[in-house]
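First up is the structure itself, then whatever we jot down about it.
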Amino acid sequence: MTSRHNHSHPVISDLRARIAHIERGNRETQPETNTPTILKIGIQVLDSHLPDGGLTLGALHEVTTPKPADTAAATSFCLSLLSSLLRSYKGMALWCHNINMLDAGEVYPPGLIHHGIAPERLVILKLKRDEDVLWSMEEALRSKGPVCVLGEVAYASLTATRRLQLAAQYADLPALILRPGWQGEQNSAASTRWRITTQKSRQLGLAKTLNEPGNPCWQAELYRCRRGAPGIWKVEWHNETGDLSLAASVIDRPSKPFNTDVAG
Amino acid sequence: MRDRAFALTIERHSQAILFATNAIAEQVGLKPGMRLADARAIFPGLKTEAKQTKEDEAILEKIRNWCSRYSPWTSIGEEKDDWGKGTAEQDQALEGPGGAGIWLDATGCTHLFGGEEAMLADLTKKTNQLGFSSRAAMAETKGAAWALARYHPNDKGNWTTAPLGEVRQHLIPLPVSALRLSSNTILKLHSVGLRTIGDLLLLPRSTLAVRYGETLLERLDSAIGNISEPISTQKYKEPLYVRLTFSEPIGRREDIKATLEKLLLLLCKRMEDRGIGTRRSVFTLYRTDGSIERRLAKTAQPVCDNVILQQLFSELIDDIDAGFGIEEATLFADRTEALSPHQTKLIGHNSNRDFSTLIDQLVNRFGPENVLRPRLAESHIPERAGILSPIVGPPLNIHIQKKVANRPIRLLRPPEEIEAVTIVSKFSFEPPPIFRWRRQLHKVVMSEGPERIAPEWWQEENTGTRDYFQVEDKKGQRFWLFRETDDEQTIQRWYVQGLFS
């Protein structure tokens, strides 16, 4: 959408910039700053696809799982974002669970370390209702205490997500919602909405020889993006470095190297 | 009840005897310890009721709560130890008004009421208004206060104080039973003509100890002040205690809020002067009908900021029902700690402080058991190696492992048993090729393992030997499976314990 209007009149683009600025909710505090703080996902193609050149920090982002089997992948996606946030910012992160949503189990501290997150930098809140989770998230954002707020809920209404989006804008802190997508689509005011599906892992080197699970791969679908276009990517998470990269070309390759002699 | 003769009775040796009498009954010559039949003969119009221990205790507890407006340290005093357990003769030796009492540690509190006398006058007047007759005394020792409250002559009214250094003079005329002695000791003392505390003080201490036991000396010393006997085990200085009274009872929510604000300001001012902060604050409201409402705010770190405390309390006081009106409010910093310098206001805003404020708010709202911190613990058993434990409370003694093997991101607690569709030999080093978990079949296409984790035999709850596998199914879902075998290697079960990203 943005690219289509790139050649329009300077007045229009100025107005558009102002609207974008107002939408980010910092009209009182910093009237002249136009560059929002962002978090680079770490994949060039994805980052340049996003309107701000990365995930906007002062915004709500929603991650949904199409099937229960994808919960771990979606968790991991959130944690890899959280991990790079905690690397670049000092402070703590808050993760609020709805305990009725723990079919896939609770967060496992050694697994956090594997994701490069020091357990002492995370506080976990176990709550009984979605409303409590949403309330805590908003309260946490407004306090500007944590670096990032994550919430795991079954349902978040349009109003609730709008409130979170505003709170995130106000605090210039990211809010992430992890939500099961198999219970039907919901309206949301989140500025990006992702759908994470688990994929066959990519075996490398020894893992391939021994037929062991390799680097986890997911399909990350950006199905709604404010001020941007949707997109779909295959993403690989590197076990050793904790980085994300694009994996599409590798995933679709036949398992054996193609023999040119036979084909020719 | 107060305008006619009344007595409480108890059963002893299948006889009803008087346990306590009111002032009018005493005027007509009735005394605790008399048989009910005798009492009726003396005064036929006597109204009686059986003593109900449980109800009495409940009422006493209520009065104790009510008394906390005078001092944050209150406790229920013991009754005369062996009253009603021995013979009537022994009971009569324990002469004087009996029953239980309430201790108030008024250290540092009297100035709030304009002195000791004013405080006691207020206390007895208000209890009287509530419908209880009471006697009160204040002294520098616990023993003396006990004795004076029960045995002081009623010349000044139903309360008395023993000014500092004058305890001895006040105790001299009191009977020996004022020393909290057993009835047997009192009878022995009476039999040799020792009736008052003054009589005892004239005798050499060694003689007293030999004849009547160490207890007598201890009681005597604690009354006179030779040994100290604290009421609460707390080591205390002047308590951080503030109060407000209202000439007109208040009831509106805004008024309660304003009251809290005032009290917090006062409290924080005093805490700031001493460089301490509160970790537990108690806000108590006293209704005109004698009932109270109490709210607790706890924080993980000592706080000395009225705005933060106000925020914490504001959610707690929303549901307070003022009833017929609130006449008094107190605020007490129950647990205090020294403030670390970076927590004072001077440094200003920093996000660390904001975060701990947020955590306190969450702990107060959802309870400490729901605000958790992931921790690593020293154990090989996966479910013990990583735990979520409350963020407040004593830190666990934990050894942090620096290097962690590939572990799942989510852990099922407890592990869920799966059905291995194909039979796996118990000596095999492979996971089941197909397994069923939550009614779904999963075909294993990749696997890594086994990683053997031996049981921790030194733990009380022991596990079997486990062989862990990381497997991936056809769709790409990755599991952490384990096989548990018992000591004899006869039974083996398969479980899924975690999910990998």
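What follows is calculated from the coordinates using simple rules that are stated; it is not laboratory data. Everything quoted here is computed from the prediction, not taken from an experiment. Positions of Cβ are backbone-derived with ideal geometry, glycine not excepted, and every protein chain shown enters the neighbour counts.
Within segment A:79-223, the proportion of Cα pairs with more than 27 Å between them is 26 percent. Note on B:PHE324 and B:SER389: the extension gain reaches 19.1 nm, defined as 0.36 nm multiplied by sequence separation minus the Cα-Cα distance.
Note on B:439-448: average number of Cβ atoms from other chains within 10 Å of each residue's Cβ is 3. Extents of segment B:131-174, largest first, come to 34, 18, 14 Å (Cα atoms, principal axes, whole angstrom). Structure remark: mean-square fluctuation, Gaussian network model of chain A, C-alpha springs under 10 Å; the largest value among A:GLY205, A:GLY53, A:GLY242 belongs to A:GLY205. Taking A:GLY184, A:GLY42, A:GLY54 as the candidate residues, the one with maximal mean-square fluctuation in a Gaussian network model of chain A, Cα springs under 10 Å, is A:GLY184. Which residue fluctuates most in the GNM of chain A (Cα springs below 10 Å): A:SER80, A:SER143, A:SER188? In this elastic network of chain A, the residue with the biggest mean-square fluctuation among A:SER80, A:SER143, A:SER188 is A:SER143.
Could you pull out every one of the aspartates and glutamates with an alpha carbon less than 13 Å from that of B:LYS475, ignoring same-chain neighbours closer than 8 positions? The reachable aspartates and glutamates, counting only those whose Cα sits under 13 Å from B:LYS475, are A:ASP70.
Amide H to amide H, with H built 1.01 Å from N, B:THR336 comes under 5 Å of B:ARG279, counting only residues 5 or more places away or on other chains. Charge tally for A:PRO10 (other residues, Cβ to Cβ under 14 Å; Lys, Arg +1; Asp, Glu -1): +1. Based on alpha-carbon atoms, the Kirkwood radius and the radius of gyration of segment B:143-207 give Rg/Rh equal to 0.99. Histogrammed with a bin width of 10 Å, the alpha carbon distances of chain A distribute as 6, 28, 35, 19, 8, 3, 0 percent, first bin at zero. Working note: 222 nm ellipticity from helices only, DSSP H runs with n ≥ 4, each -39,500 (n - 2.57), summed and divided by the residues of chain A, gives -9500 deg cm²/dmol to the nearest 500. Here the calculated FRET efficiency for A:LEU204 and A:ARG129, from their Cβ-Cβ distance with R0 = 35 Å, stands at 0.20, rounded to the nearest 0.05.
Hey, what angle do you get for helix B:351-366 against the long axis of chain B, alpha-carbon based, 0 to 90 degrees rounded to 10? The angle comes out at about 70 degrees. Computed from point charges on the beta carbon alone (+1 for Lys and Arg, -1 for Asp and Glu), the dipole magnitude for the protein assembly as shown about its Cα centre is near 1320 Debye.
In plain terms, the C-alpha convex hull of segment B:416-495 casts an average shadow of 5.4 nm² when viewed from every direction. Take chain A and mark each of the trypsin sites (Lys or Arg not before Pro) that is in a DSSP loop with at most 13 other Cβ atoms within 10 Å; the longest unmarked stretch, sites excluded, is A:130-264. Length gained on full extension, B:GLU61 to B:ARG35, computed as 0.36 nm times the residue gap minus the Cα-Cα distance: 6.4 nm. Pairs of Cα atoms nearer than 8 Å and 6+ residues apart set the relative contact order; for segment A:132-238 it is 20 percent.
Relative contact order of chain B: 8 percent, from C-alpha pairs under 8 Å at least 6 residues apart in sequence.
Per-residue shielding of A:125-133, expressed as the average number of other chain Cβ atoms within 10 Å of the residue Cβ, stands at 3. Between B:ARG438 and B:ASP289, the distance separating the two model label sites (each 7 Å from Cα on the Cα→Cβ line) works out to 5.2 nm. What the phi angles of segment B:473-480 give under the Karplus curve with 6.51, -1.76 and 1.60, with θ = phi - 60°, is a coupling list of 8, 4, 8, x, 6, 10, 10, 10 Hz, glycine and proline written as x. Go ahead and run the numbers for FRET between A:LYS90 and A:GLU240, Cβ-Cβ distance against an R0 of 35 Å, rounding to 0.05. With a Förster radius of 35 Å, E is 0.85. Using 26 Å as the Cα-Cα cut-off, could you pick out the over-long pairs in A:LYS67/A:LYS144; B:LYS142/B:LYS188; A:LYS90/A:LYS128? Beyond 26 Å: A:LYS67/A:LYS144; A:LYS90/A:LYS128.
Each residue, B:ARG413 and B:LEU296, gets one label point 7 Å from its Cα in the Cβ direction; the gap between the two is 2.4 nm.
Protection proxy ranking of B:129-140, A:166-177, by the mean of other Cβ atoms within 10 Å over each peptide's residues and highest first, is A:166-177, B:129-140.
Projecting the Cα atoms of A:LEU173, A:SER136, B:THR48 onto the charge dipole of the protein assembly as shown (Cβ charges, centred on the Cα centre) puts A:LEU173 farthest toward the positive pole. For B:MET446, the amide hydrogen comes within under 5 Å of the amide hydrogens of B:GLU472, counting only partners 5 or more places away or on other chains and with H modelled in the peptide plane. Going by a ≥ b ≥ c, the root eigenvalues of the Cα gyration tensor, does segment A:116-179 fall in the rounded group (a/c under 1.5), the prolate group (a/b larger than b/c) or the oblate group? Taking the square roots of the gyration eigenvalues as a ≥ b ≥ c, segment A:116-179 is oblate.
Inter-chain Cβ neighbour count for B:365-377, averaged per residue, equals 6 (cutoff 10 Å, partner chain atoms only). If R0 is taken as 56 Å, the Cβ-Cβ distance between B:HIS13 and B:GLU214 corresponds to a FRET efficiency of 0.95.
When the Cα positions of B:LEU202, B:VAL167, B:GLY157 are compared along the charge dipole of segment B:152-202, B:LEU202 comes out farthest toward the positive end, with charges on each C-beta of Lys, Arg, Asp and Glu. In order along segment B:287-295, phi translates into HN-Hα couplings of 7, 5, 7, x, 7, 10, 10, 10, 10 Hz, rounded to whole numbers, per the Karplus curve 6.51 cos²θ - 1.76 cosθ + 1.60 with θ = phi - 60° and x for Gly and Pro. Under 5 Å between amide hydrogens, built in the peptide plane, is the criterion, and for A:CYS148 it picks out A:LEU94 among residues at least 5 positions away or on other chains. What the phi angles of segment B:56-64 give under the Karplus curve with 6.51, -1.76 and 1.60, with θ = phi - 60°, is a coupling list of 4, 4, 5, 5, 4, 5, 5, 5, 4 Hz, glycine and proline written as x.
The length gained by stretching the chain between B:HIS380 and B:ARG274 to full extension, at 0.36 nm per residue less their Cα-Cα distance, is 33.4 nm. Nearest-5 percent of antiparallel DSSP beta bridges in the protein assembly as shown? Taking every DSSP beta bridge within the protein assembly as shown, about 75 percent pair in antiparallel fashion. Based on the Kirkwood approach, the hydrodynamic radius assigned to segment B:158-304 is 19.9 Å, with every pair of different Cα atoms included. What does the net charge come to around B:ARG466 if you take all other residues with beta carbon closer than 9 Å to its beta carbon, with K and R at +1 and D and E at -1? With Lys, Arg at +1 and Asp, Glu at -1, the neighbours total -1.
Normalised by 2.2 N^0.38 Å, where N is the number of residues, the C-alpha radius of gyration of the protein assembly as shown stands at 1.34. Measuring max minus min along each principal axis, the C-alpha atoms of chain B give extents of 98, 59, 49 Å (largest first). Local charge for A:GLY151 was computed over the other residues whose Cβ lies under 11 Å away, with Lys and Arg +1 and Asp and Glu -1, and equals -4.
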